[in-house]
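Enquirer: Below is one structure. I have some questions about it.
The values are calculated or read from the model by the stated rules, or taken from the named source; none is laboratory data. Source: prediction; values computed, not measured. We place every Cβ from the backbone using ideal geometry, glycine too, and count neighbours over all the protein chains shown.
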Amino acid sequence: MPRVLIIERQLKLYQALKDELPTSTTILFCYFHILKTLKTQYQFLEKDKPSEYKLITDLPLIDTKEEFQKALD
């Protein structure tokens with residue numbers, strides 16, 4: 001069994017994998033595809049509110065659970 005799977009932003013695939021794989025398998029969404037979607041959906045802000053657009057599109061890339069937890073604290 002895989003320990004980690006990285007998939008595109010397909011919620012139905014996520015749910016199917018979650019239902020079929022053991023709880024020890026971690027399913028992650030691809031950072032590239034999530035960022036691409038955010039840039040497309042919030043492109044209207046780029047011209048009128050560039051600082052807000054930058055907040056959305058400059059999301060940090062976090063490599064470990066520890067970094068994620070530290071970012072939340």
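Enquirer: Name the residues in the range 31-42 that are at pLDDT 90 or above, exposed (fewer than 13 other Cβ atoms within 10 Å of the Cβ) and not β-branched (Val, Ile, Thr), would you?
Expert: Answer for the range 31-42, where residues must be at pLDDT 90 or above, exposed (fewer than 13 other Cβ atoms within 10 Å of the Cβ) and not β-branched (Val, Ile, Thr): just Gln41.
Enquirer: May I pose another question? What's the number of the condition Asp19 fails, among (1) of a type outside the set (A, V, I, L, M); (2) at pLDDT below 90; (3) exposed (fewer than 10 other Cβ atoms within 10 Å of the Cβ); (4) out of contact with any helix residue (DSSP H, G or I) (no Cβ under 9 Å at 6 or more places or on another chain)?
Expert: (2)
Enquirer: Given the options Asp58, Asp63, name the one that is loosely packed, with under 13 Cβ neighbours inside 10 Å, more than 22 Å from Val4 (Cα to Cα), at pLDDT below 90 and under 13 Å from the mean Cα position of the chain (by Cα).
Expert: None of the others qualify; the one that does is Asp58.
Enquirer: Can you tell me which of (1) under 15 Å from the mean Cα position of the chain (by Cα); (2) touching a residue at least 12 places away in the same chain (Cβ under 8 Å) is the one Thr25 doesn't meet?
Expert: Among (1) under 15 Å from the mean Cα position of the chain (by Cα); (2) touching a residue at least 12 places away in the same chain (Cβ under 8 Å), Thr25 violates only (1).
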